[in-house]
Amino acid sequence: MAHPIVDQLRFTRSEWLRGLRGVSEEDAKRHLGQMNSIGWIVGHLAWHEQRSFFQRPHQVVLFPHLNTEFASGAPMSTPSLKTMRAAWNTLTKEGEPYLDSLKTKDLMRDLPRDGKASGQTVADAIRRLTFHYWFHLGEILAIRQMLGQRRLPEYVGNLEAMAPYRPER
């Protein structure tokens with residue numbers, strides 16, 4: 001059984017995917033004012049997944065272009081939603097064994113940055129990524145509303161069934 005903080009991340013990912021359901025390739029490339037495109041947001045969260053679960057803990061980079069094109073502060077772009085989803089799918093699938101292996105003692109370890117102590121624990125990084133998803137989920141739904149889309153997901157899904165509170169192990 002995964003640690004409760006990992007369950008929360010997984011639930012958040014499922015909600016984020018629910019917010020992406022029905023987005024077309026064309027709509028994912030739209031820019032509204034200063035907002036990034038939905039395709040860029042997907043690439044940005046793939047970058048954060050790679051950074052948190054591959055690059056920093058294991059010095060592994062599966063998709064080098066994510067580090068230049070989708071890091072925080074990277075310039076606006078209009079990548080393919082299909083391509084960004086494929087990278088995101090690979091990263092989240094390949095990261096599952098690492099997440100499943102985490103015990104409380106592992107979560108309390110420093111997550112190095114550029115080979116040096118960062119002051120951020122693995123648990124802190126997971127919480128930051130979880131909150132990052134919620135931030136961008138709101139942005140994606142706002143973009144979809146501005147595009148005139150209807151019947152969008154509302155509120156939070158079935159948290160109690162999918163990621164109920166349970167004490168840490």
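The table below lists the values:
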| item | result |
| --- | --- |
| Gain on full stretching of the segment that runs from residue 18 to residue 82 - 0.36 nm per residue minus C-alpha separation | 21.5 nm |
| Length added when fully stretched, residue 154-residue 34, from 0.36 nm per residue minus Cα-Cα | 40.8 nm |
| About the Cα centre, charge dipole magnitude for the chain (Lys/Arg +1, Asp/Glu -1 at Cβ), debye | 60 debye |
| Whole-angstrom gap from region 88-141 to region 4-33, using each part's C-alpha centre | 17 Å |
| Three-way shape call for the chain based on the alpha-carbon gyration tensor, with the a/c threshold at 1.5 | oblate |
| Whichever lysines have a C-alpha closer than 19 Å to that of residue 29, once near sequence neighbours (fewer than 8 apart) are set aside | 82 |
| Straight-distance crosslink candidates among lysines, where the alpha carbon sits under 30 Å from residue 103 and sequence neighbours closer than 8 are dropped | 93, 116 |
| Taking 156, 23 and counting other C-beta atoms within 10 Å, the order from fewest to most | 156, 23 |
| Mean separation of Cα contacts under 8 Å, 6 or more apart, over the residue count of region 4-153: relative contact order % | 33 percent |
| For residue 150, net neighbour charge (Lys/Arg +1, Asp/Glu -1) across residues whose Cβ lies under 15 Å away | +1 |
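Only the coordinates and a few stated rules stand behind these numbers; no lab work does. Because the structure is a prediction, the values reported are computed rather than measured. Glycine gets a Cβ as well: all are built from the backbone with ideal geometry, and neighbour counts include every protein chain shown.
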